[in-house]
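Okay, so here's the structure we're looking at.
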């Protein structure tokens, strides 16, 4: 319409914005914390044309400016209230021990948000802690099962969530609409969504993620310091997780303390079985233990 | 010479063979056992033009015929004596508990070998067991620090040894010429050779290879059976070694029993430190343990 017109009249501009918004799905997404995960979400939103504005909020203005330059977010904000005020979606991607107070602030400030969620890898302390939010607050907990031993938006990957599971952990009080929309948000980023109760989620994570981290760190620290080239790909794979961020992992382990401790005790039982079989030099016991591990590992594929 | 001649006279043919032999470096290499490692050595010898004949010896004639078809060896032999009689190099690549008696047979039958070696990942029981070989026997123990959780020549890789360490473990009785020539053999395959006493080698391997295998198996077996997609790349990396061959690993662990047991006890101490720190929910202890693991792992590179 108005072909040949030198400028778009106000009404047409307004319409055009609406069309773009629909194509973009979300007009404004606010990401609180621009690390590997926050950065990857920003990059994925932009590459997939899912959001018109991706505003990043963080404490370090210089890092945020770099994230804008890197194309991970479209704008940086130091002020949380201003950043989330008109956001349709807010994702809190800070270290896990800072999520609960941050969500509280976001709920108070985000007046038009359809979804407020987080990416914390421990869910019960957050979800239980936020049980007193107003009924209509559009918060639901999430946890994308994706990451890396590396940290920082420099390692952000637009396909990080592609094919990965994102756990979404509603409570009885969560508005069903919010749970659904959060699911659609993660699916739009390529993920597969699975709903799970927060406490059950934390038990699963203790076993499949937090225990392996502890085991990798314990193994890396327990062997003598040999020349680097004595360590082959087997040792490197088995200890890879130990390279993860200390600052990130202390709160994860503390927040999921009882479940991690339980997993670690099971693991120690398993190590003691191995000690007995080795001390007895019993080929049959050793074969049984190896076969049990192989069967479980083979079932996972590569 | 003899340009235009329809056939090469016997003398010229003889000379030509010698030239080819020099270009090939070794005229005939015998590989006893064609698994991942034996197969990769065969493939590397052929691709690099290092040997004219690569004869494979094994108990399963059908498997050997497949290895010839796959181009991993040039001929198959069921009879050990015939296979090694005129070999310049013999590499014993059987499971570790069958190496010592096999080397004995090879030493008796290989009348023109310059090098007889093996690839066993435990060295002291083999090297000590063979201490009564004749002084002039051209045997020296080797262990290429290369492998995979996969087994079988189907996974053979001509570059498997490229850049990897091969430990060569001479004793005071090993002819220096044999140690040197074995070193050159592995270097020709792209490896970096390191001489080490057999017992020291076994202590190193207990820590960097055998312990991680046990830890991976224990971890894979200790966690509940969740749906496959709950297990992310961290768990998969940490447990990858557990997929290794049970048949191969029982004898490795038995032959290196005391060193593996010692490593495992150190590791268990490390796990108990973790249990105490978690039970105390002490952020400082947890940070120290994480930092120790991270520092050690970071020092290895990716």
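The values are calculated or read from the model by the stated rules, or taken from the named source; none is laboratory data. Just so it is clear, the structure is predicted and the values come from calculations on it, not from any experiment. Note that we place each Cβ from the backbone using ideal geometry, even for glycine, and neighbour counts take in every protein chain shown.
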Single unsatisfied condition, residue B:163 versus (1) closer than 22 Å to residue B:25 by Cα; (2) modelled with pLDDT of 95 or more; (3) surrounded by fewer than 22 Cβ atoms within 10 Å (Cβ to Cβ): (2)
Subset of the range A:214-247 [touching a residue at least 40 places away in the same chain (Cβ under 8 Å), buried (at least 18 other Cβ atoms within 10 Å of the Cβ) and assigned to a helix (DSSP H, G or I)]: A:214, A:215, A:240, A:241, A:242, A:243
Members of the range B:261-298 found to be at the interface with chain A (Cβ under 7 Å from one of its Cβ atoms) and not in a helix (DSSP H, G or I), listed by number: B:281
The lone exception for residue A:185 - which of (1) more than 30 Å from residue A:134 (Cβ to Cβ); (2) under 17 Å from the mean Cα position of the chain (by Cα) it fails: (1)
Residue A:180 being over 14 Å from the mean Cα position of the chain (by Cα), at pLDDT below 95 and not in a strand (DSSP E or B): no
Residue list for the range A:31-49, restricted to those being within 13 Å of the chain's Cα centre (by Cα) and part of a loop (DSSP other than H, G, I, E, B): A:33, A:34, A:35
Checking residue A:256 against (1) surrounded by fewer than 21 Cβ atoms within 10 Å (Cβ to Cβ); (2) more than 7 Å from chain B (Cβ to nearest Cβ); (3) in contact (Cβ under 8 Å) with a residue 40 or more places away in the chain, the condition it does not meet: (1)
Residue list for the range B:145-157, filter: more than 14 Å from chain A (Cβ to nearest Cβ) and either on the phi > 0 side of the Ramachandran plot or at pLDDT 95 or above (or both): B:152
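To keep it simple, each residue is scored yes or no on (1) in contact with a strand residue (DSSP E or B) (Cβ under 6 Å, 6 or more places away or on another chain); (2) within 30 Å of residue B:237 (Cα to Cα).
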site: B:152; (1), (2): no, yes
site: B:165; (1), (2): yes, yes
site: B:176; (1), (2): no, no
site: B:181; (1), (2): yes, no
site: B:186; (1), (2): yes, yes
site: B:190; (1), (2): no, yes
